[in-house]
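Take a look at the structure set out below.
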Amino acid sequence: MRQESLDFLRTLVNTPSPSGNEVRGQRVWLDYVKPYADETFTDAYGNAVAVLNKGGSPKLMLAAHADEIAMAVNYIDENGYLYVRKVGGIDAAITKAQRVVIHTEKGPVKGVVGNVAPHLTKSEGERKVPKMEDLFIDIGAADKKEADEIVRIGDLVTLADEFDLLRNDLAVARAFDNRIGTFSVAETLRLLKEGKGKLKAEVLAVSNIMEEVGLLGARQIAYSLKPDVALVVDVTHATDYPTVSRQQHGDIKIGKGPTITHGGCNHREVVARIEEVARKQKISLQHEAMSNSSGTDTDVIFWTRGGIPSALISLPNRYMHSPVEVVSLKDLCQIPQLAAAFALSLSAGEQFKVKI
């Protein structure tokens, strides 16, 4: 990965972007894509769009969600401890004993999720898996009055873990889900802008909001943009580590390329084009099957306005929804290459329709 792209990824991942308050992350994304776009804009709720080759046809939307799982301050007790509720699929069990940041109007406030020492719980038998309402955050306040002066109900909370490199081209971070997606669509725009290929399609790179709490931003922006075809970029579960059932969850490895998903919201002809482009680009793809839903923005984009031909491209991710998500940078670099090649493969006015 080129150094400028790695620096962008690091900054994007490290910038807190909890569901419902993605503004800081969206600013980072917009600053990066502006040199590669004809225009950029945002809508009422903060979905961000960068347009290349405006007026081209068909209109291709490249979409990924900007938000990350989080918590929200729900109650402050008399001793100044904060109690929280979930914002998205955060796991209470792995949130205990973590450092956190509370995002207030006055700026970030540091805190820790309290954890009772095992010495004090020996008489209670086997320790129970905590629920979210059991967690409490210590911000160092002396009492409720002091805490009320610092934070308020509704302030969002994210974990403090940041981007780092491991070995063998692997990276670890708190929020690869789904900053790798917004990174990928931004990099796709850069490749198309700097490349020599003749682009006929209008490309709409989208960093959309609030996926983790109901696929909400994708519904809004897909309806507004009216694309002819859409590629969604997200993470998927790698299954190449102990205790994960491949019979149940598929055989997905990091370092073996991005995945494409078959079935449901994934349009057969769009998927076939992705596979064709991947062969020409010598990009290895892994394959996933879906049942009722993909669990991604693809689920809501594909039925918007009577049906937008859509497909999902995913990055294998170990330990999803944890502070230590692990991905391969080699896999990640292949996604923008694949998406850019797909965009260049589109002929003027091309439409995708299932052949019957």
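No value in this document is a laboratory result; all are computed from the given coordinates. It should be emphasised that the depicted structure is a prediction, and the values quoted were computed from it without experimental measurement. Methodologically, a virtual Cβ is constructed for each residue, glycine included, from the backbone with ideal geometry; neighbour enumeration extends over all protein chains shown.
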### Task
Please give the direction-averaged projected area of the C-alpha convex hull for segment 250-337, in square nanometres with one decimal.
6.2 nm²
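Order the peptides 178-185, 313-320 from the highest to the lowest mean number of other Cβ atoms within 10 Å of their residues. Walk me through the numbers on the way to the answer.
Values: 178-185: 28.5, 313-320: 23.4.
For the peptides 178-185, 313-320, the packing ranking is 178-185, 313-320.
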### Message
Quick check on the chain: of the DSSP beta bridges with both residues there, what percent are antiparallel, nearest 5%?
### Response
60 percent
### Message
Given 10 °C and 1.306 mPa s, compute D for segment 15-80 with the Stokes-Einstein relation, Rh being the Kirkwood radius over Cα pairs; round to the nearest whole µm²/s.
### Response
112 µm²/s
### Message
Could you give each residue of segment 330-343 its phi-based ³J(HN,Hα) in whole Hz, using Karplus coefficients 6.51, -1.76, 1.60 with θ = phi - 60°, and x for Gly or Pro?
### Response
5, 4, 4, 4, 6, 5, x, 4, 5, 5, 5, 5, 4, 4
### Message
Can you give the Rg/Rh ratio of segment 70-159, where Rg is from the C-alpha atoms and Rh is the Kirkwood radius?
### Response
0.98
#### Entry: Difference of contour (0.36 nm per residue) and Cα-Cα distance, Asn74 to Glu4
21.2 nm
### For peptides 15-26, 42-53, sequence by mean Cβ density within 10 Å, most packed first
15-26, 42-53
### Query
How high is the FRET efficiency between Thr104 and Phe41 when r is their beta carbon distance and R₀ equals 25 Å, given to the nearest 0.05?
0.30
### Summary
In degrees rounded to 10, the 0-90 angle between helix 3-14 Cα long axis and the longest Cα principal axis of the chain is 40 degrees
### Theoretical FRET efficiency, 1/(1+(r/R0)^6), r = Cβ-Cβ of Asn115 and Ser57, R0 45 Å, to 0.05
0.20
#### Entry: Under Karplus coefficients 6.51, -1.76 and 1.60, residue-wise ³J(HN,Hα) of segment 237-254 in Hz, glycine/proline x
6, 5, 10, 9, 9, x, 6, 8, 7, 6, 4, 8, 10, x, 10, 10, 10, 7
### Task
Restricting things to alpha carbons, tell me how big the chain is in terms of Rg and Dmax, in Å.
21.2, 72
### Query
If you keep only loop residues by DSSP, which GluC sites (Glu not before Pro) in segment 266-356 have at most 15 other Cβ atoms within 10 Å of their Cβ?
Glu350
#### Entry: Nitroxide proxy distance, nm - points 7 Å out along Cα→Cβ at Asp134 and Glu276
5.5 nm
### Degrees separating the helix 176-194 axis from the principal Cα axis of the chain, which is the longest one
30 degrees
### Query
Any idea what angle helix 216-225 forms with the longest principal axis of the chain, computed on alpha-carbon atoms, 0 to 90 degrees, nearest 10?
30 degrees
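Before anything else, pin down the relative contact order of segment 70-159: Cα pairs under 8 Å, at least 6 apart, normalised by residue count, whole percent.
Computed over segment 70-159, the figure is 46 percent.
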### Task
May I ask you to list the GluC sites (Glu not before Pro) in segment 130-226 that are in a DSSP loop and have at most 14 other Cβ atoms within 10 Å of their Cβ?
Glu162
